[in-house]
Amino acid sequence: MKNIIILLSILSFTTVYAQNPKINTLNTFEGPSQVKTIIKNTKGNYVLLENIWCFEPEFGNVYSIIINELNDEGKVIWSRNLEKVNSDEKGIFLIENDKGYSIFTEDGQLIKIDNSGIIYFRKKTGFMMPRNILASNKGGFFISNTFNKEDIWISKLNSQGEIEWEITKDQYKAVYVSIRQKSVNGNYLALVKKKDKSDVSNFYIMEFTDYGEIISEKQIPNHIIYQSNKNLGFYQDRSGNYLVSSTEDTSDHEVKYDFSSEDIRLVKLDKDFNVIFNKLYGYAIGNDFYSTYLGKIIESEEGGYLFSCRETFNTTTYFDSSIFKIDENGNLQWYESFHLNKATFIDSLIPMGKNTYMVSVYSEFNPMDYFSESKIFKITDILNSNFNPLLCPAED
């Protein structure tokens, strides 16, 4: 069997040697409540997009979108319940604008509020359940993978929710296109899947401008794809390097229990796509009773990366969420698990300042009864020593 790493089994060592982070609870939003997004505004405070579920006999299942502004100690400065909306109209995207904030909902509504939460603009854009939304440097949004726009790869909307341009499937031949993030060059990056004449899938990182011009395509090396392309994704850091992520089956024996172990493969590439590191991460790599799935990656101000993940116990419906901290060479520096209730998700992870991060953790007590809450934590990274071999990830 491959190296099996059960991090919790060495918990007694991590306290002494690894200097695991300090965790402080800043606030709790009781539910059924889910804090979907957190952003840091220009004042240095934190604005939260919260969805609260309730049942009303006249309307059935409805959601309320609530916007909260918190200081860095987690105290609520102001809170505004925008209004009750239908169950398919949860808020999914939040960004600061020149007058306040813009919100995008699952059913394609663009809602604008001022700095106290008063709605001053609302429009249905016609884009249903977009999976990917990215803010433009020149105002407006990029949208991809919408439920009802099957002939469009990328749409650019202006700040009023009107279409400025689109990249259609007829214009750009591909199997899959998904916008991901802003590039270090001030443009935008998307993950692209194409098939060659032999029907072999190839994956690219495509860069495009505010005006819809595609300026580059870089093919992800095939030897990375051959390892695994399930849940393929990437993250570009401040230096222009790439972290390519995927989910990999790590079982090395015949599957005996109708399920197998899956874990996170991270490959770091430099600007020329040379491999810097290639490693596996997970709660118990190779153990068929556990699987680990990647959530979000962010770059640490002090170097290295943090990424959130979900840990599934394959024999039950229970799962936890965790955060891994690795250095720039992929060595694991610390690991923190959030085990709150039956099902625990990490919805947002953002930097607060030097060595500090804010994370929103959503937990379900009983998913059938929609009883849930969101907790906001402050993570302080107190690591002040080099990588400790007691916490090494699996072999390359």
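Kindly evaluate V184 against the criterion of being open to solvent by 20 Å² or more (accessible area, probe 1.4 Å) and at pLDDT 95 or above.
Yes.
Within region 372-391, how many residues turn out to be closer than 18 Å to S321 by Cα, open to solvent by 10 Å² or more (accessible area, probe 1.4 Å) and either at pLDDT below 90 or aliphatic (A, V, I, L, M) (or both)? So the answer is 1. Listed by first and then second residue, the pairs with beta-carbon distance under 9 Å, at least 6 apart or on different chains, first residue in region 173-191 and of a type in the set (F, W, Y), second open to solvent by 70 Å² or more (accessible area, probe 1.4 Å), are Y188/N137; Y188/R180; Y188/K182. Could you tell me which of the residues I143, I118 is without any contact (Cβ under 8 Å) to a residue 40 or more places away in the chain, closer than 23 Å to I38 by Cβ and over 25 Å from the mean Cα position of the chain (by Cα)? None of the other options fit; the residue is I118. The set of residues in region 313-340 that are over 27 Å from E30 (Cα atoms), assigned to a loop (DSSP other than H, G, I, E, B) and at pLDDT below 95 comprises N314, T315. Among the residues of region 297-312, those that are part of a strand (DSSP E or B), open to solvent by 20 Å² or more (accessible area, probe 1.4 Å) and modelled with pLDDT under 95 comprise R310, T312.
The set of residues in region 283-294 being at negative phi, open to solvent by less than 10 Å² (accessible area, probe 1.4 Å) and in a loop (DSSP other than H, G, I, E, B) consists of A284, I285, D288.
In summary, strands (runs of 3 or more DSSP E) completely within region 50-165 and bearing 3 or more residues that are open to solvent by 30 Å² or more (accessible area, probe 1.4 Å) occur at 76-86, 91-96, 119-124.
The values are calculated or read from the model by the stated rules, or taken from the named source; none is laboratory data. Nothing here was measured: the structure is a model prediction, and the numbers come from that model. Glycine gets a Cβ as well: all are built from the backbone with ideal geometry, and neighbour counts include every protein chain shown. Ligands, DNA and RNA are stripped out before the accessible areas are found, and what is left, the full protein with its side chains, is counted by its heavy atoms. Shrake-Rupley method; radii C 1.70, N 1.55, O 1.52, S 1.80 Å.
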